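One structure is given here, and the rest of the page talks about it.
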Amino acid sequence: MQLSYTYIVVSSNIMKYEKQLDIVNELVELAEIIQEPIRNSNEPYKSFGILNYNITFSGYDKLGKYQTGLENLFNFKKEISETLTLKKFENELVGLIRISKNREEKCSIKEIETFFENFLTIKVSEVEILYELYGAQMKVPKMEFGDFTVYDFDLSINELTIRYPYLGTRDIFFSHRQSRYLLGVKVKARENAKAIELANKLCETFENVFSYMIADLKHQRTVGIFNFRGWKTTNIVVCNNESMGYHGQNSIFIPVEIDDDFFMDPSQGNNKIWNLITKANKTEIEKRLINSIEWIGKAIHDNDISKSLVQFVFAIEGMLQLNEKALITPSIVSQLSDWLAFITNDDLEQRKKISKYFKEIYQKRSAIAHGAAKTIDVEDLGIALQISKLMIITILTVSPFSNLKTIDELNKCIIDLKFK
């Protein structure tokens, strides 16, 4: 019985890494050792190291297979891909390929197991990453938005230095600071580079959510880290061979009071949104909600009216399209317009108007996508903003929509509303 038990464990272990073993050994076969630098190549290539330490994948076919294999291996274990950078993983993988290539032998299942398990021995640490935040103002030392914290530097630096003693040398870190406010984002990772990667993505979401909530199509109020647009003057000189003229344009900038209760208003669902951003194991509906909110935020922030309209439509499609992989057909447009109407209003006539509005906006979206001339104005954006935000608010706050977890449940809910 003991022998049988040992055999089962080994077989299970082999099965666990069998696919990954095949991928690595295929990459070993595809790899070349090229000691001379590649010059004037007409095909793409990726090369690591020099001389006998070189590993190269050259040509469209080999490089494509390498990239696919790398991504499949990287995403094999979530606890690796979510805590380490692809770059670090790739460096270690190339090292494994190099060893196998140099000895002219395939990798063993034990080597593959060790390769993955070694990553998991690296300690996961929680860090708080601080960014300068622009466009905001508040009357309190700090504000919390879910897992995000906004600090007034002058009023919070003592708290921060107690928590992080090395910040006591703050002149080194903050001597060139341009904003009074800092955004703190806490993330967990096995290396600082990954922590920054994760935090940067969260900051982009933070910006998009604020843009969604502020909903300023005039672009006078914005809160941001990477994509902030503040006050500026554009100087223009108009000239020909007979004269010259000067023209100056000023953009208006209005600070946002981020400690306003509106940004946590339960009636708008705003309090839920902040917690959804970093929530683990989101439901299908929650994932769609955050994705749609980000598209709305991007649409509001964009200066290009045509791109804004397309992104508003993306928000509605991403939230309501029953089959995300299906091509958009007239029947799907009808499904989207019907769902939007039933979700956002109880009145029959209002439902008809909303359905009509969406179909008109979608026609303009299609014209933009196909390069046809179509007049887009601010009124179109206003309607698109209104109905897309109303869709989000309703799903966040109104029963039965606020209790749904999957798109199939939403489908059943709409059917029930149609035939009740």
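Structure notes:
- Leading residue by the ranking (modelled with the highest pLDDT) among those in region 232-245 that are farther than 29 Å from residue 134 by Cβ and not aliphatic (A, V, I, L, M): 239
- Counting the residues of region 142-188 that are touching a residue at least 60 places away in the same chain (Cβ under 8 Å) and assigned to a loop (DSSP other than H, G, I, E, B) gives 2.
- Long-range neighbours under 6 Å by Cβ, at least six apart or interchain, first residue within 16 Å of residue 100 (Cα to Cα) and without any contact (Cβ under 8 Å) to a residue 40 or more places away in the chain within region 27-52, second surrounded by 14 or more Cβ atoms within 10 Å (Cβ to Cβ) and hydroxyl-bearing (Ser, Thr, Tyr): 32/56; 34/56
- For beta carbons closer than 7 Å, sequence separation of 6+ or different chains, a first residue in region 252-274 that is outside the structural domain of residue 146 (by TED's automatic domain parsing) and of a type in the set (A, V, I, L, M) and a second that is part of a helix (DSSP H, G or I) and surrounded by 14 or more Cβ atoms within 10 Å (Cβ to Cβ), the qualifying pairs are 256/214; 264/270; 264/271; 273/209; 273/293.
- Conditions (1) hydroxyl-bearing (Ser, Thr, Tyr); (2) at pLDDT 90 or above; (3) assigned to a helix (DSSP H, G or I); number of the one not met by residue 366: (2)
- Residue 84 vs. criteria in a helix (DSSP H, G or I) and surrounded by 14 or more Cβ atoms within 10 Å (Cβ to Cβ): no
- Residues in region 224-267 that are within 19 Å of residue 304 (Cα to Cα), within 23 Å of the chain's Cα centre (by Cα) and either part of a strand (DSSP E or B) or among the hydrophobic types (A, V, I, L, M, F, W, C) (or both): 224, 226, 228.
- Here residue 392 qualifies as in contact with a Gly (Cβ under 9 Å, 6 or more places away or on another chain) and more than 19 Å from residue 331 (Cα to Cα).
- Complete set of residues in region 366-386 that are within 22 Å of residue 263 (Cβ to Cβ) and either aliphatic (A, V, I, L, M) or crowded, with 17+ Cβ neighbours inside 10 Å (or both): 385
- Filter result (outside any helix (DSSP H, G or I) and over 18 Å from residue 216 (Cα atoms)) within region 270-303: 279, 280, 281, 282, 283
The values are calculated or read from the model by the stated rules, or taken from the named source; none is laboratory data. No experiment lies behind these values; they were computed from the predicted model shown. Don't worry about glycine lacking a Cβ; one is built from the backbone with ideal geometry, like all the others, and counts go over all protein chains shown.
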